[in-house]
1. Looking at this structure, is Ala130 surrounded by fewer than 18 Cβ atoms within 10 Å (Cβ to Cβ) and in a helix (DSSP H, G or I)?
2. Kindly indicate whether any position in region 137-147 is charged (D, E, K, R) and within 14 Å of the ligand (Cβ to nearest atom).
3. When you scan region 94-110, do you find a residue that is away from the ligand (no atom under 15 Å from the Cβ), surrounded by fewer than 13 Cβ atoms within 10 Å (Cβ to Cβ) and not in a strand (DSSP E or B), even just one?
4. Which residue is nearest to the ligand (Cβ to nearest atom), if the candidates are limited to region 148-163 and must be of a type in the set (A, V, I, L, M, F, W, C), surrounded by 14 or more Cβ atoms within 10 Å (Cβ to Cβ) and not in a strand (DSSP E or B)?
5. What number goes with the only condition from (1) basic (Lys, Arg); (2) within 13 Å of the ligand (Cβ to nearest atom); (3) surrounded by fewer than 20 Cβ atoms within 10 Å (Cβ to Cβ) that Lys211 does not pass?
6. For Gly179, are the conditions met, namely being assigned to a loop (DSSP other than H, G, I, E, B), at pLDDT below 95, in the same structural domain as Tyr39 (by TED's automatic domain parsing) and more than 13 Å from the ligand (Cβ to nearest atom)?
7. Going by the conditions given, is Gly134 away from the ligand (no atom under 15 Å from the Cβ), in contact with a strand residue (DSSP E or B) (Cβ under 6 Å, 6 or more places away or on another chain) and at pLDDT below 95?
Amino acid sequence: MRRVRRSAAIALGVGLLLGSGAAAAGERIPPQRCSYDTYTWNVKLKRAVARRRVSHSYYDALTPEEVDPVTGCTVCREDQTRIALPSLPSFELCHKLAPRVRAALRHLLDRGVPIYEVAGYRVGKTRGDADAHGNRTRFSNHAFGIALDVNPAHNGLYDRCPVFGPGCRLIRGGRWRPGEARASLAPDGRIVRALKAAGLRWGGEIAGRQKDFMHFSPSGY
Ligand SMILES: [Zn+2]
């Protein structure tokens, strides 16, 4: 298993060098199993419920909800790549995104840009409409390993926030204070620019009632 994953990583790296990441990803030898730990967020109880471990065959038993239709990334731990960089606790992302995110973060860290904490893959049903019991019904982009949170202690998630201002309500993470706190992400700052160049959108610029200043993903959500 380990040998399979290493050769896949090399193939992906070569593909990126040649500018053919998609083709290289297609050559990756798929895993045999899909396993992950998950939970469901209950909006009535305001807590995680139904914590469970899932393990099944990769090809025979992957369900549509376990696959992100845009990227093809899945909730399976076997599809995640661990990113370990000096001075940063390691985290996992989908193997299709991991090489370019790792390269971008490495470039920033080498130049002393303040990145203290990054979170990536974590599986949970925290999106979608709640059912009659209050249970959310869809996996988040973190569940597919296609979202990362940077410096959450200084880049909070705000609700009631169509445009950022004093009326926005902080619901997770720490206050966003660009220009005051070094670890807060500025819209034109190096971290936001580098991750955009890597093909991600920033949750600080998404439309709607929420602004998620720690968050990056292909859609921004
Ligand atoms: Zn996030």
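The values are calculated or read from the model by the stated rules, or taken from the named source; none is laboratory data. These figures come from a predicted structure and were not determined experimentally. No Cβ is skipped: glycine too gets one built from the backbone with ideal geometry, and neighbour counts run over all protein chains shown.
1. Numbers: surrounded by fewer than 18 Cβ atoms within 10 Å (Cβ to Cβ): yes; in a helix (DSSP H, G or I): no.
So Ala130 does not fit the description; no.
2. Filtering region 137-147 down to residues charged (D, E, K, R) leaves 138.
Okay, now just the ones that are also within 14 Å of the ligand (Cβ to nearest atom), so none.
No, that holds for no residue.
3. Step one: of region 94-110, the residues away from the ligand (no atom under 15 Å from the Cβ) are 95-96, 98-100, 102-110.
With surrounded by fewer than 13 Cβ atoms within 10 Å (Cβ to Cβ) added as a condition, the list becomes 110.
With the extra rule that they be not in a strand (DSSP E or B), the set shrinks to 110.
Checked against the condition, which is being away from the ligand (no atom under 15 Å from the Cβ), surrounded by fewer than 13 Cβ atoms within 10 Å (Cβ to Cβ) and not in a strand (DSSP E or B), region 94-110 yields at least one hit.
4. Step by step, filter region 148-163, then rank; the result is Ala153.
5. It fails just one condition, (3).
6. yes
7. Details: away from the ligand (no atom under 15 Å from the Cβ): yes; in contact with a strand residue (DSSP E or B) (Cβ under 6 Å, 6 or more places away or on another chain): yes; at pLDDT below 95: no.
No: the conditions fail for Gly134.
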